[in-house]
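K.L.:
If you scroll down you'll find the structure; I have some questions about it.
The values are calculated or read from the model by the stated rules, or taken from the named source; none is laboratory data. Because the structure is a prediction, the values reported are computed rather than measured. Note: ideal-geometry Cβ built from the backbone for every residue, glycine included; neighbour counts use all protein chains shown.
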Amino acid sequence: MRRGESQAKVSRDNGVPESTLRGWLKDEEKLREFSTSLDGSEGLKRKRVKTAKDPELDKAVFTWFVQERQTGTPISGPILSAQAQKFSKELHGEDDDFLASRGWLHRFQKRHGISEVKVCGEVRSADAAAAHEFGPQLQEYITEHQLDPEQVYNADETALFFKMTSDKTLSVKTDEHKHEGYKQIKDRLTLLFCCNATGSHKLKPLCIGKFAKPRCFHHVNMGNMPIQYNHSKNAWMTSQIFEDWFKKTFVPAVRKHLRTKKLPERAVLLLDNCPAHPPAETLTSADGLISVLYLPPNTTSKIQPLDQGIISVFKRNYRTELVKEMIESSFSFVPFLKQYTLKDAFYVVSKAWTSIKDHSIANCWKKALPILFQDDSQEEEDDEEVFLGFSNEEVEAAESKLREMLGEDSSLSDFNNNISELEAMCPITETLTDHEIIDNARDDQPEEEPEEPEQSADPEPPKPQLKASDIVVRIQDCEEWLEKQSDADPLQLIHLRNLRSFAQRKTQKSLKDKKNNRFFHVMFC
């Protein structure tokens with residue numbers, strides 16, 4: 001019908017009475033919301049929509065159930081019933097007479113498609129079946145909405161210890177201090193990555209830190225940073241941050257990209273069932289053309305494209321670029337990490353993310369969801385290198401730096417490989433307490449503004465803000481130095497001249513403003 005077909009034709013082709021079809025259209029939003037709350041393919045086999053008598057209790061119990069299963073907690077029927085009675089008393093008071101009977105438990109499981117296999121924890125077989133069934137469902141969704149692989153996106157979060165190095169080293173047998181080391185700097189970030197199925201559109205990453213205004217961003221225009229920044233108490237993803245990113249970043253960026261490709265401004269974002277991801281009905285554009293489709297629970301390791309190697313390649317690239325930054329600096333390893341700020345990490349993260357090749361991303365999508373590319377006549381060979389390898393000179397320089405720090409012969413291979421397990425175990429999403437689940441289940445609860453954390457403590461005094469006239473002088477010095485270099489790129493000199501012109505305009509504007517202020521001061525004072 002969205003393609004212009006009449007109700008009578010759709011009714012006749014599908015063997016559905018026109019009155020039934022009109023009822024479906026009238027309750028379309030309700031039906032879609034109900035279908036997104038179903039857990040698995042069993043719930044989709046239901047022929048009738050039967051909602052809970054107490055929607056708030058149903059929502060609270062299901063949110064708690066999904067969150068616990070995400071952590072691998074086995075939930076039995078009695079445990080679920082006991083939690084439901086606890087939530088009911090918190091919602092309706094201690095005098096509430098609700099009983100989580102066997103009948104209620106059976107209806108709750110049927111309503112949300114919760115099978116005994118999943119509740120008992122037989123995850124591996126359930127994962128394989130759900131992952132296999134999702135392919136045809138995705139193909140049907142793409143056909144119905146007339147989507148191209150260019151219009152299919154995936155987003156996922158990961159943790160990053162952006163200052164952590166390897167805790168292993170090579171050492172000679174006679175070294176008496178070979179087990180001595182130094183305290184690791186465990187400064188952690190949560191990063192959100194997003195890209196489409198062809199790899200042609202990699203969105204600017206979102207970084208989540210602990211502090212609202214880190215000291216390194218003092219007097220810095222955050223809009224000019226290569227990645228976005230937000231904050232939460234524990235540097236975890238929250239529902240509010242994700243919804244804000246979806247509506248203010250994802251939707252406009254996708255529209256702009258599709259306009260450049262001359263494609264309809266329709267798209268779908270594939271997400272896992274993370275507790276920090278809001279319900280699908282809240283993650284839609286104003287016109288409903290850009291929406292979210294959730295993957296089946298516990299299938300991300302099998303069918304989520306970003307988990308098929310894209311994020312792991314990014315982390316390898318990041319560690320590689322971090323070593324290169326250390327080699328090019330004038331500091332030894334430990335002082336380098338101490339002066340390495342979040343702003344420095346932003347540029348390294350951006351470089352590591354943008355260096356991932358389009359073909360590498362497309363191959364990961366083909367591995368996870370090959371049904372998207374079944375119409376391709378010929379698969380291109382991915383002959384591009386994914387990992388940024390080291391030259392012999394870089395390896396020798398890095399090992400020299402590590403020996404200077406530890407007095408031992410350290411291995412660079414451990415530097416890239418030994419941190420992944422720790423980052424994989426690190427939480428990246430906010431875990432809701434029972435009180436927060438109850439508040440989210442109540443529709444009439446006002447949204448509370450998140451408390452802004454205190455500014456990060458930094459023993460170093462803030463740097464004074466430079467004037468535009470000072471910048472002009474420094475850029476002129478850079479130009480003079482660059483002009484004397486035999487291997488300089490002319491394009492670099494052009495960039496410097498453009499930057500100097502920008503600073504000169506700022507200087508002239510500042511002088512003009514001062515003259516105007518002095519004039520009005522003389523006239524009226």
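K.L.:
Report yes if some residue within region 38-50 is at pLDDT 70 or above and of a type outside the set (S, T, N, Q); otherwise report no.
P.N.:
Checked region 38-50: no residue is at pLDDT 70 or above and of a type outside the set (S, T, N, Q).
K.L.:
Pull out all pairs, ordered by first then second residue, where Cβ-Cβ is under 7 Å, the residues are six or more apart or on different chains, the first lies in region 129-149 and is under 16 Å from LEU271 (Cβ atoms), and the second is among the hydrophobic types (A, V, I, L, M, F, W, C) and modelled with pLDDT under 90.
P.N.:
LEU138/ILE371
K.L.:
Could you tell me how many of the residues in region 63-85 are within 18 Å of ARG102 (Cβ to Cβ) and surrounded by fewer than 20 Cβ atoms within 10 Å (Cβ to Cβ)?
P.N.:
Total satisfying the criteria: 9.
K.L.:
Now for a different question. Restricted to region 118-156, and to residues that are modelled with pLDDT of 85 or more and hydroxyl-bearing (Ser, Thr, Tyr), which residue is surrounded by the most Cβ atoms within 10 Å (Cβ to Cβ)?
P.N.:
TYR153
K.L.:
Return the residue satisfying two criteria in turn: it lies in region 301-322 and is more than 22 Å from ILE371 (Cα to Cα) and of a type in the set (Ser, Thr, Tyr), and of such residues it is modelled with the lowest pLDDT.
P.N.:
Ranking the candidates gives THR320 first.
K.L.:
From the list ASP95, ASP58, which residue is in a helix (DSSP H, G or I) and modelled with pLDDT of 80 or more?
P.N.:
Going through ASP95, ASP58 in turn, just one is in a helix (DSSP H, G or I) and modelled with pLDDT of 80 or more: ASP58.
K.L.:
Here is a follow-up. I'd like to know if region 273-282 contains one or more residues that are over 28 Å from GLN67 (Cβ atoms) and in the same structural domain as ILE361 (by TED's automatic domain parsing).
P.N.:
There is no residue in region 273-282 that is over 28 Å from GLN67 (Cβ atoms) and in the same structural domain as ILE361 (by TED's automatic domain parsing).
K.L.:
Right, something else. Return the residue satisfying two criteria in turn: it lies in region 462-486 and is within 19 Å of VAL220 (Cα to Cα) and surrounded by fewer than 11 Cβ atoms within 10 Å (Cβ to Cβ), and of such residues it is modelled with the lowest pLDDT.
P.N.:
Once the filter is applied, the top-ranked residue is PRO462.
K.L.:
Among the residues of region 323-330, is any at pLDDT below 90, surrounded by fewer than 20 Cβ atoms within 10 Å (Cβ to Cβ) and closer than 25 Å to LEU203 by Cα?
P.N.:
Checked against the condition, which is being at pLDDT below 90, surrounded by fewer than 20 Cβ atoms within 10 Å (Cβ to Cβ) and closer than 25 Å to LEU203 by Cα, region 323-330 yields at least one hit.
K.L.:
What's the total number of residues in region 210-250 that are in contact with a Lys or Arg (Cβ under 9 Å, 6 or more places away or on another chain) and not charged (D, E, K, R)?
P.N.:
Residues that pass the stated criteria total 15.
K.L.:
Would you be able to tell me the number of residues in region 268-283 that are over 17 Å from the mean Cα position of the chain (by Cα) and either of a type in the set (Val, Ile, Thr) or over 23 Å from GLU133 (Cβ atoms) (or both)? First the steps, then the outcome.
P.N.:
Residues of region 268-283 that are over 17 Å from the mean Cα position of the chain (by Cα), as a first pass: 281-282.
So of that shortlist, the ones also either of a type in the set (Val, Ile, Thr) or over 23 Å from GLU133 (Cβ atoms) (or both) come out as 282.
Summing the residues that are over 17 Å from the mean Cα position of the chain (by Cα) and either of a type in the set (Val, Ile, Thr) or over 23 Å from GLU133 (Cβ atoms) (or both) in region 268-283 gives 1.
K.L.:
Sort through LYS233, LYS213, LYS261 and tell me the only one that's out of contact with any helix residue (DSSP H, G or I) (no Cβ under 8 Å at 6 or more places or on another chain), surrounded by fewer than 19 Cβ atoms within 10 Å (Cβ to Cβ), farther than 23 Å from VAL348 by Cα and not small (Gly, Ala, Ser).
P.N.:
Residue meeting the stated conditions: LYS233.
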